[in-house]
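This report concerns only the one structure given below.
The values are calculated or read from the model by the stated rules, or taken from the named source; none is laboratory data. Model, not experiment: these values are computed from the prediction. Positions of Cβ are generated from backbone atoms using ideal geometry, with glycine treated the same way; all protein chains shown enter the neighbour counts. Surface areas here come from the heavy atoms of the whole protein model, side chains and all, with no ligands, DNA or RNA. Shrake-Rupley method; radii C 1.70, N 1.55, O 1.52, S 1.80 Å.
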Amino acid sequence: MFHISPYSIPVGIASLGFLFLSIFVYSKNRRSLRNILFSGLTFCIFVWLFAYAVCYSTKSDKVAYVFARLSCTTVFLLAPFWYHSTVAILKIENERRRVRLVWIFVILFLPFFVFSKYFLDASKHYWGYYSKAGPLHPLSLVIWYAVCFRVLYLLFKNYKRKDITPLEKNQAKYLLWAYFFAAICSLDYMQKY
């Protein structure tokens, strides 16, 4: 049923790195909302990558389908975690209502990700199984990228503020660059079509 595919090894190793990062951040301060949210964000990345490592190494259609669905569902969950953790890190109180709306919207869509083929399916490729976009998948991309651009805008706006400390300015700069590159890397969605 399983064989270790060479394509799954880098993805599996990267997933373990995110698992350790998630545990490390959470263990540093279990009461901090910022730590909890960032740990949730990195845990979702772990699940996403680990599930694809399983997809690349399975020979079973059913196992691949479950793990491809799990992977894409956690990617969809990244949007509210990303937004919420950024708002918590930057301490932006007037974004809380929008954060709640994103969480509600994503949670309402989750059953369609998990229990239907409207958003996702799986197909076999030479490297293993990979998810395939369903007819409503572009809607999830609109949501994901709307959140992405909002996060980048908030980070840029915070970076340009004059009333923040040099440390906060540096944090905003590095988060902005990291999230900018993460947004570019998220274009791997294009192979789902």
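Tabulated data
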| read-out | value |
| --- | --- |
| Accessible area per residue, Å², segment 133-193 with all protein chains present, probe 1.4 Å | 63 Å² |
| Apportionment of accessible area to carbon and sulfur, segment 54-193, percent (1.4 Å) | 69 percent |
| Net charge dipole size for segment 44-193 [Lys, Arg +1 and Asp, Glu -1 on Cβ; Debye, nearest 20] | 280 debye |
| Overall form of segment 96-193 per C-alpha gyration tensor (a/c, 1.5; a/b vs b/c) | oblate |
| List Asp163, Asp121, ordered by accessible area with a 1.4 Å probe, largest first | Asp163, Asp121 |
| Lysine-lysine proximity count for segment 60-132, Cα under 29 Å, sequence distance 8 or more or distinct chains | 5 |
| Unit charges at the beta carbon, dipole of the chain: most positive-side option, Tyr179, Leu33, Ser15 | Leu33 |
| Listed residues Leu16, Leu167, Leu90, most fluctuating in the chain (Gaussian network, C-alpha, under 10 Å) | Leu167 |
| Theoretical FRET efficiency, 1/(1+(r/R0)^6), r = Cβ-Cβ of Ile4 and Arg30, R0 35 Å, to 0.05 | 0.50 |
| Residue-span extension gain [Lys124 to Glu93] - 0.36 nm each, minus C-alpha spacing | 6.6 nm |
| Segment 9-140 pair-distance distribution - Cα-Cα, 5 Å bins, rounded % | 2, 11, 17, 19, 18, 15, 10, 5, 2, 0 |
| Segment Lys117-Phe20, extension gain: residue separation times 0.36 nm, minus the distance between their alpha carbons | 31.7 nm |
| Euclidean distance between Cα centres, segment 82-128 to segment 1-52, Å | 17 Å |
| Under 19 Å from the Cα of Lys173 - aspartates and glutamates, other chains or at least 8 residues apart | Asp163 |
| Length gained when the stretch Leu187-Lys157 is fully extended (0.36 nm per residue, less Cα-Cα span) | 8.4 nm |
| Three-way shape label, segment 116-160, alpha-carbon gyration tensor, a/c 1.5 | oblate |
| Mean Cβ count within 10 Å, highest first, over the residues of peptides 101-109, 51-59 | 51-59, 101-109 |
| Segment 57-110 shape via C-alpha gyration tensor axes, a/c threshold 1.5 | oblate |
| Of the trypsin sites (Lys or Arg not before Pro) in segment 93-193, those whose Cβ has at most 10 other Cβ within 10 Å and which sit in DSSP loop | Lys162 |
| Highest-fluctuation residue, His84, His125, His137 considered, GNM on the chain with Cα pairs under 10 Å | His125 |
